[in-house]
Amino acid sequence: MAEVQVGGSSWRNIEVGRVLKLESGSLAVIVEIIDHKRALVDGPSSDPRLATPRSEVSFANTLLTPLFIEKLPRGARSGAVKKAWETAGIDSKWAETNWAKKQLKQERRKALSDFDRFKVMRLKKQRRFEENKALVKVKASA
């Protein structure tokens, strides 16, 4: 008989060292698990928009990310967390994720003026025209 191993994915475990995205849009790493609903987190990001002071958060107000800091000791102080954060390169890894790119795109769009939105509309129309022209050319040759 074949041996069957049953186990869950370790991708989304709540554990010390897991990086969280908080409701505010900032990042933090789990330093200590308080109980099944709360954790102590610290987010020493170099980007002030992503930085989080050491605090207690509810898991209901967070989202788990695939980022993880290896071998972070339980209850690590802020200095040790900052060093581990920089060693793991969490800021650069976060910037490469689609999540961060989408968030940046939304922030840029929110900051557009009326004239900028008009220019975006014109560029979209121009792109659509060029795509349709190329499509007609391909259909005609087929």
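The eigenvalues of the Cα gyration tensor, multiplied by 5 and square-rooted, give the chain an equivalent ellipsoid with semi-axes of 41, 24, 13 Å from largest to smallest. When only Cα pairs below 8 angstrom with a gap of at least 6 residues are kept, segment 18-96 shows a relative contact order of 30 percent.
Sort the following peptides by mean Cβ neighbour count (other Cβ atoms within 10 Å, averaged over residues), highest first: 54-62, 25-33. Before the final figure, lay out the partial values.
On the way: 54-62: 13.2, 25-33: 20.9.
Going from most to least packed, we get 25-33, 54-62.
Dividing the summed -39500 (n - 2.57) terms of all DSSP H runs of n ≥ 4 by the residue count of the chain sets its mean residue ellipticity at 222 nm at -13500 deg cm²/dmol.
For T52, the residues whose amide H sits under 5 Å from its own are G43, S45, ignoring neighbours fewer than 5 places away on the same chain, with H placed 1.01 Å from N. Relative to the longest principal axis of the Cα atoms of the chain, the long axis of helix 98-110 makes an angle of roughly 60 degrees.
So if I take the alpha carbon set of segment 18-96, get Rg, then get Rh from the Kirkwood formula, what is the Rg over Rh ratio? Here the Rg-to-Rh quotient is 0.91.
If a paramagnetic tag sat 7 Å from the Cα of R109 along the Cα-Cβ line, which residues of segment 26-41 would have the backbone N under 20 Å from that point? Answer for this model: 26.
Measuring against 25 Å, Cα to Cα, the residue pairs K37/K71; K71/K93; K82/K110 contain K82/K110 as the ones spanning a longer distance.
Rule-based calculations on the coordinates, nothing more; no lab input. Computed from a prediction, not measured in an experiment: that's the story for all the values here. Cβ sites come from the backbone with ideal geometry, for glycine too, and all protein chains shown count toward neighbours.
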